[in-house]
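The values are calculated or read from the model by the stated rules, or taken from the named source; none is laboratory data. Not measured: the values here are computed from a predicted model. Glycine also receives a Cβ, built like all others from the backbone with ideal geometry; neighbour counts cover every protein chain displayed.
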Amino acid sequence: MRSSASSGSKPLRALARAGRNLGQFWRRFSRNKLATASLAVVLVFASVAALADAFFDYGFVTSNQLDNAFLKPLESGTVYEGEAELEHRYLLGADNYGRDILGRIVHGARVSMVIGFVTVAMALVSGGALGALAGYKGKAFDTIIMRATDILLSIPTILLSIAIVAALGNSFFNLLIAISASMVPGYIRIVRASIITVKDQEFVEAARCIGASDSRIVFKHILVNIASPLIVQSTLNVGSSILWASSLSFLGLGILPPKPEWGNMLSEAREFIQYAPHTLFAPGLAIVVTVLAYNLIGDGLRDALDPKLKR
């Protein structure tokens with residue numbers, strides 16, 4: 001009876017301990033007001049992206065309304081949905097095809113968020129696996145993987161992404177591959193360096209002594225202890241991924257019009273910067289705010305997760 005009660009209380013103690021750790025983390029993170037405000041901005045953007053269809057119909061933001069071309073912010077125009085004529089107020093103005101800029105930014109947020117999180121997940125899994133193999137096994141694995149990593153790191157990131165898209169073809173999936181491949185070398189080096197620093201410590205040796213497999217040691221004991229730098233790097237890379245996707249779309253190698261994406265919105269608007277600067281300002285501001293928010297969140301996470309700063 002006593003052992004049964006003790007085993008039943010273990011999950012409760014673990015849950016209570018996790019709750020305390022989460023509370024301590026949030027107190028440290030919330031001390032950074034810029035990071036907290038940035039988290040609120042990202043949550044707003046994520047909510048807007050998830051509910052994009054509720055705010056603006058996708059067909060509306062991709063169909064041309066040429067009579068309303070270059071309307072200024074807050075001006076109204078007549079839009080056509082089938083045979084119906086409706087009065088619509090353009091809060092951020094209209095682009096050169098009369099499409100609502102705010103609606104395109106909202107739907108572009110969905111594309112940018114998906115690209116940011118999916119590419120980071122792909123790079124984290126593939127780069128983490130290769131880095132763990134190089135750091136834990138060493139010898140020939142380490143030599144081959146790290147020399148290939150050095151070659152990739154010698155190529156500018158945007159140039160590598162352009163080369164991959166040009167080789168594979170212009171599509172959304174190929175864009176994800178190009179951006180994630182550009183981030184893989186960074187994860188390889190972070191995971192490898194972190195594993196080398198902890199693989200010979202006592203808790204790893206103890207796991208070997210009780211017969212734990214290499215995969216169990218890496219995933220259950222080592223990766224748990226090097227999660228902090230990976231979390232920080234992944235957060236920073238989400239912003240970088242959004243920026244790279246916008247850059248490729250700006251160059252015509254990413255998401256192509258009429259599909260809304262912040263980079264191709266900038267590309268279309270650059271010809272009208274003197275005549276209609278509002279068409280350029282809104283998508284550019286969306287990119288700046290989003291990328292800056294992720295960078296500030298990354299700084300806050302770094303400070304909150306740094307054991308030297310815990311108090």
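Just one of (1) in contact with an Asp or Glu (Cβ under 9 Å, 6 or more places away or on another chain); (2) modelled with pLDDT under 90 fails for GLU268. It is (2).
Please determine, by comparing only the residues of region 191-206 that are surrounded by 20 or more Cβ atoms within 10 Å (Cβ to Cβ) and β-branched (Val, Ile, Thr), which one is farthest from HIS221 (Cα to Cα). That would be VAL191. Does region 132-151 contain at least one residue that is assigned to a helix (DSSP H, G or I), modelled with pLDDT under 90 and within 22 Å of ILE179 (Cα to Cα)? So far as region 132-151 goes, yes, one or more of its residues are assigned to a helix (DSSP H, G or I), modelled with pLDDT under 90 and within 22 Å of ILE179 (Cα to Cα). If you go through region 138-154 and pick out every residue that is out of contact with any helix residue (DSSP H, G or I) (no Cβ under 8 Å at 6 or more places or on another chain) and surrounded by 12 or more Cβ atoms within 10 Å (Cβ to Cβ), you end up with 3. Filtering region 165-212 to residues that are under 22 Å from GLY131 (Cα atoms) and of a type in the set (Val, Ile, Thr) leaves ILE177, ILE179, VAL184, ILE188, ILE190, VAL191, ILE195, ILE196, THR197, VAL198, VAL204. Filtering region 186-239 to residues that are basic (Lys, Arg) and either over 28 Å from the mean Cα position of the chain (by Cα) or farther than 25 Å from LEU22 by Cα (or both) leaves ARG189, ARG192, LYS199, ARG208, ARG216. Of the residues making up region 270-293, one or more are of a type in the set (S, T, N, Q), in contact (Cβ under 8 Å) with a residue 40 or more places away in the chain and either within 30 Å of TYR58 (Cα to Cα) or crowded, with 18+ Cβ neighbours inside 10 Å (or both). The residue of region 155-188 that is surrounded by the fewest Cβ atoms within 10 Å (Cβ to Cβ), among those that are of a type outside the set (A, V, I, L, M, F, W, C), within 27 Å of PRO258 (Cα to Cα) and in contact (Cβ under 8 Å) with a residue 24 or more places away in the chain, is ASN170. Quick one: count up the residues across region 250-299 that are out of contact with any Lys or Arg (no Cβ under 9 Å at 6 or more places or on another chain), in a loop (DSSP other than H, G, I, E, B) and either of a type in the set (Lys, Arg) or under 24 Å from LEU168 (Cα atoms) (or both). Within region 250-299, residues that are out of contact with any Lys or Arg (no Cβ under 9 Å at 6 or more places or on another chain), in a loop (DSSP other than H, G, I, E, B) and either of a type in the set (Lys, Arg) or under 24 Å from LEU168 (Cα atoms) (or both) number 8.
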